[in-house]
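Worksheet: the structure to be examined is printed underneath.
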Amino acid sequence: MAHIARKLITKPKNKPLWVDISCRYTDERECLTAFLAFQTAEVLEGIKPSTLINLADCRRRCGRNFYELWREHGASIVHNSMLEAKVMAVRPGSLLLLIYDRAALTRLLAGYGPIECLAFSCKEQNALQDLIIAYLMKKKFNTN
């Protein structure tokens with residue numbers, strides 16, 4: 001996914017629209033991989049630690065339904081990349097994905113006070129991930 005992102009990342013004013021480049025990808029798995037690389041280019045390049053992507057359960061102008069493709073191929077695509085993904089919310093007709101670089105997100109959150117103490121006390125690898133996700137959900141969505 002990173003090699004695709006390098007091809008797609010440009011200055012913000014010159015950033016292409018997905019519909020402009022989607023015709024390059026005839027295979028649905030390759031198309032989803034390229035779409036995710038397009039959406040996460042700044043994370044893949046180390047500019048941002050994470051990004052949120054809303055996948056609506058509908059066909060895009062390119063003819064693909066990324067909600068369905070995510071459910072079919074998403075886990076294997078992310079597994080083969082340097083990033084991780086967490087479904088933050090499932091709503092009628094859409095899902096919200098957090099795609100992140102674990103190390104970059106951990107470094108960023110380490111400076112936010114109480115989470116620093118909690119993060120270093122986590123024994124299990126997944127406990128830190130769950131803690132970060134819970135923190136982000138509370139901060140972003142004001143959930144408990």
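From the list Arg71, Arg29, Arg60, Arg64, which one is modelled with pLDDT under 90 and farther than 23 Å from Thr106 by Cα?
Arg60
Step by step: first the residues of the range 22-35, then only those that are part of a loop (DSSP other than H, G, I, E, B) and either among the hydroxyl-bearing types (Ser, Thr, Tyr) or within 10 Å of the chain's Cα centre (by Cα) (or both), then the one that is surrounded by the most Cβ atoms within 10 Å (Cβ to Cβ). Which residue is that?
Ranking the candidates gives Tyr25 first.
Among the residues of the range 36-84, write down those that are part of a helix (DSSP H, G or I), among the aliphatic types (A, V, I, L, M) and surrounded by fewer than 18 Cβ atoms within 10 Å (Cβ to Cβ).
Of everything in the range 36-84, just one residue is part of a helix (DSSP H, G or I), among the aliphatic types (A, V, I, L, M) and surrounded by fewer than 18 Cβ atoms within 10 Å (Cβ to Cβ), namely Ala75.
Could you look through the range 25-71, keep only residues that are hydroxyl-bearing (Ser, Thr, Tyr) and touching a strand residue (DSSP E or B) at 6+ places or on another chain (Cβ under 6 Å), and pick out the one that is nearest to Ala103 (Cα to Cα)?
Out of the qualifying residues, it is Ser50.
Right, Arg6: of a type in the set (Lys, Arg), at pLDDT below 85, in a loop (DSSP other than H, G, I, E, B) and surrounded by fewer than 18 Cβ atoms within 10 Å (Cβ to Cβ) or not?
So Arg6 fails the test.
The values are calculated or read from the model by the stated rules, or taken from the named source; none is laboratory data. From a predicted model like this one, the values you see are computed outputs, not experimental measurements. All Cβ positions, glycine included, derive from the backbone under ideal geometry; neighbour counts span all protein chains shown.
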